[in-house]
Amino acid sequence: MFVFLVIFFAILWLIYIKLKCFTLRGPVPGQPPHFFFGNLIQSGLLFGSKPISDVYISYKERFGDIYLFWVGFTRYTIVHNIDDVQYIFNNRNKYDQGSIFLEKVSILVPDSIICNIGAKFKRHGAITMPLFRRNKILSNINIIIDGTDQLLDRWRTQSSEHVHTDIVEQCQNLLLEVFGMIAFDYDLETINENLSENKNELTEALKYIVDVFRMITYAPSIISTTYLKYNPRYQRARTTIERYLNNMVEQELTESLDSRTERKKISLIASLVSSLQTDEKAEAVKKEEDKKGISRKELFDEMLMFLIAGYETTSTALAWCIYQLSKHPRIQEKIKKELIDDNTGQYLSFDHLDSFVYLDCFINEVLRYSPTTDGTSRTVVVDDCLPSSGTRLYKGDQVLIPSSALARDDRHWKIDPNLFYPERFLNEDKHRHPCAFLPFGNGHRQCIGQDLARLELRIILARMLQQVTIGDGGPEFNTGGCIQRLTIVPKHVGVTIQFS
Ligand code: HEM
């Protein structure tokens, strides 16, 4: 009898979950989702190699500008209507940070800025955001040049016939080294990582954390939390990273108070350590609005989040740049010509960088054509109606802005968006809709590191192309494609590097 009752209530519960969570309702169209997996299997996201950006485009063709899409248990309203997209970004009181950050990323780094809203977001923002504004990051030019030169030195030791098939890893190591110095004043020595076993363990640990992220976005939070808690590899990776982060904090604590006070306006680690609470217990019981500074746990989460956000995205973008250069010799020559015409020799200053207009067009075109991230999301804070499409949304709904698909939507581009053509940003597509191209998101939660990412890409590419020509490694190695990880990473990159 007892077993019968258990089975009976289990079936009732499953029917309730199916009707409540996995059933199309209301006027917004979509593909009826599977129980538990939502649209993940039908769309080819779970087992296929399709990036999510392609899925958005094919679903838009089937269901129109606004449709429902289930990523596992999470139901999203995907918004391709560009005026509605603009409305969502402009109304921060109605649309705040998405649940993918508040619930999923939170499993990894709950006390970092990306996972918080309201007063806690402001408290963390005051300590971190000002450091990444344009005028604060300019002093880092030489760090970026030094890192690039180290990579060039490694390349110089290899033959010009050698096909580099590990460009993604090389870009990750370069950006980790550079970001470690910029944000934490700490030399992670990742460019020459083969030289020391110790260095490999940090990059390996970070890569593992980035890899588990995809599983976290698809699975229900309870499954992800339990999996990570009992996963020895994840626990080892956390311990390794924690050791490095502790070393960085300890190094900062050896600095004099005067030095820290001076540097906290331009250095993330100096700002974070200066903000450490002296009495954590007293702060913990205060209302969020009254709290000052950050706890040691918040410091750790903030450092880990910035480390991942700071290297993974930009290194992926750089790898795409290198791939596209290898496929477009005409464009590469034009960038090189701009660098030579500027008459800088090998000297780079911010004024020079500002004059590399075509290089900027190229970077924009890479971010548009080969997007690093597929989009962003927001949580609906109050019931609302999207003004252009008339779609009704309810408190707690998740909206997703598929920026990668908007960047390929021919309604918003004068020149065919399926063409790789940097010149579009100089002329025909210069005055496009403000939401057609959003590689760094928009509104009050847009990317904090966008100025830094652009500065890094400009300097690294300018420095490289002053000295080398990137060649196509041939049909066997340089076949393209991409893998959906935390970012959308180029799959088969195989390039040659020839010094001039
Ligand atoms: C090419 C490189 C990069 C790309 C494509 C990129 C893209 C993005 C996107 C799409 C978002 C979400 C924005 C939104 O929801 O409106 C974001 C948020 C964020 N990015 Fe980046 N990013 C890059 C580099 C960086 C770097 C270098 C840093 C580190 C300084 C960084 C730190 C962050 C942080 C902290 C957030 C969360 C902001 C918030 O929640 O308020 N990003 N990024």
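The values are calculated or read from the model by the stated rules, or taken from the named source; none is laboratory data. Every value quoted in this text rests on a predicted model; they were computed, and no experiment measured them. FYI the Cβ positions are ideal-geometry reconstructions off the backbone, even for glycines, and counts take in every protein chain you see. Each accessible area value is taken on the protein alone, full model and side chains, heavy atoms only, with ligands, DNA and RNA left out. Shrake-Rupley method; radii C 1.70, N 1.55, O 1.52, S 1.80 Å.
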**Study point:** Accessible surface of LYS207 - all protein chains present, 1.4 Å probe, nearest 10 Å²
**Key:** 40
Exercise for review: Could you state how much accessible area MET181 has, in square angstrom rounded to the nearest 10, with a 1.4 Å probe and all protein chains kept in place?
Suggested key: 60
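So, with a 1.4 angstrom probe, what is the percent of accessible area on the stretch 392-490 that is carbon and sulfur? Show your work: numbers first, answer last.
Values: 1940 of 3890 Å².
Taking all protein chains in place, the stretch 392-490 shows 50 percent carbon and sulfur surface.
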Check your understanding: When the chain is fully extended, how far beyond the present Cα-Cα distance does TYR394 get from ILE340, taking 0.36 nm per residue of separation?
Key -> 13.9 nm
Review point. How far apart, in nm, are the 7 Å Cα→Cβ label points at VAL357 and GLN467?
Key: 2.9
Point to revise | Cα gyration tensor category, rounded, prolate or oblate, for the stretch 348-465 with a/c compared to 1.5 | key: prolate
Practice item. Mind listing the long-range amide H neighbours of GLY30? Cut-off is under 5 Å, sequence gap 5 or more, other chains count too, H placed in the peptide plane at 1.01 Å from N. Key: LEU68
Review point. Per residue of the chain, what 222 nm ellipticity follows from adding -39500 (n - 2.57) for every DSSP H run with n ≥ 4, rounded to the nearest 500?
Key: -15500 deg cm²/dmol
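Give me the 1.4 Å probe accessible area per residue for the chain, excluding ligands and nucleic acids, in Å².
Numbers: 22520 Å² over 500 residues.
Dividing the accessible area of the chain by its residue count gives 45 Å².
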Point to revise | Listed pairs LYS20/LYS94; LYS60/LYS334; LYS265/LYS334; LYS60/LYS120; LYS207/LYS327; LYS120/LYS264 exceeding 29 Å between Cα atoms | key: LYS60/LYS334; LYS265/LYS334; LYS60/LYS120
Study note, to complete from the structure: Here the stretch 168-179 yields Karplus 3J(HN,Hα) values (6.51, -1.76, 1.60; θ = phi - 60°; whole Hz; Gly and Pro given as x) of 4, 5, 5, 5, 4, 5, 4, 5, 5, 4, 5, 5
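Only Lys, Arg, Asp and Glu count, each charged at its Cβ (+1, +1, -1, -1), so figure out the dipole size of the chain about its Cα centre, rounded to 20 debye. Don't skip to the answer; put the middle values down first.
On the way: 58 positive and 61 negative charges, 361 e Å.
Using Cβ point charges on Lys, Arg, Asp and Glu, the chain gives about 1740 debye.
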Check your understanding: Which of the chymotrypsin sites (Phe, Trp or Tyr not before Pro) found in the stretch 203-235 are loop residues per DSSP with 11 or fewer other Cβ atoms within 10 Å of their Cβ?
Key -> TYR230
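Of the chain, which part is the longest with no GluC sites (Glu not before Pro) in a loop (DSSP not H, G, I, E, B) and with at most 11 other C-beta atoms within 10 angstrom? All intermediate terms of the calculation are to be shown ahead of the outcome.
Numbers: sites that count: GLU161, GLU476.
Of all site-free stretches, the longest is 162-475.
Ordering PHE437, PHE2, PHE477 by how much accessible area each has at a 1.4 Å probe, largest first, what is the list? Kindly include the intermediate steps, with their values, before the conclusion.
Working: PHE437 20, PHE2 155, PHE477 80 Å².
Solvent-accessible surface, decreasing: PHE2, PHE477, PHE437.
With a 1.4 Å probe and every protein chain kept in, tell me what percent of the accessible surface of the stretch 1-152 is carbon plus sulfur. Mind showing how you got there, number by number?
On the way: 4730 of 7320 Å².
So the carbon and sulfur contribution to the accessible surface is 65 percent.
So in the stretch 2-499, what percent of DSSP beta bridges are antiparallel if you round to the nearest 5?
Details: 27 of 32 bridges.
Of those bridges, close to 85 percent are antiparallel.
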Practice item. Please work out the Cα center distance from the stretch 32-107 to the stretch 111-175, rounded to the nearest Å. Key: 29
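As an exercise, use a Förster radius of 60 Å and the Cβ-Cβ distance of ALA10 and ASN427 to find the FRET efficiency, rounded to the nearest 0.05. Before the final figure, lay out each step's value.
Working: r = 63 Å, r/R0 = 1.05.
FRET efficiency, ALA10 to ASN427: 0.45.
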Review point. Of ASP146, ASP166, which has the most accessible area and how do the rest follow, probe 1.4 Å?
Key: ASP146, ASP166
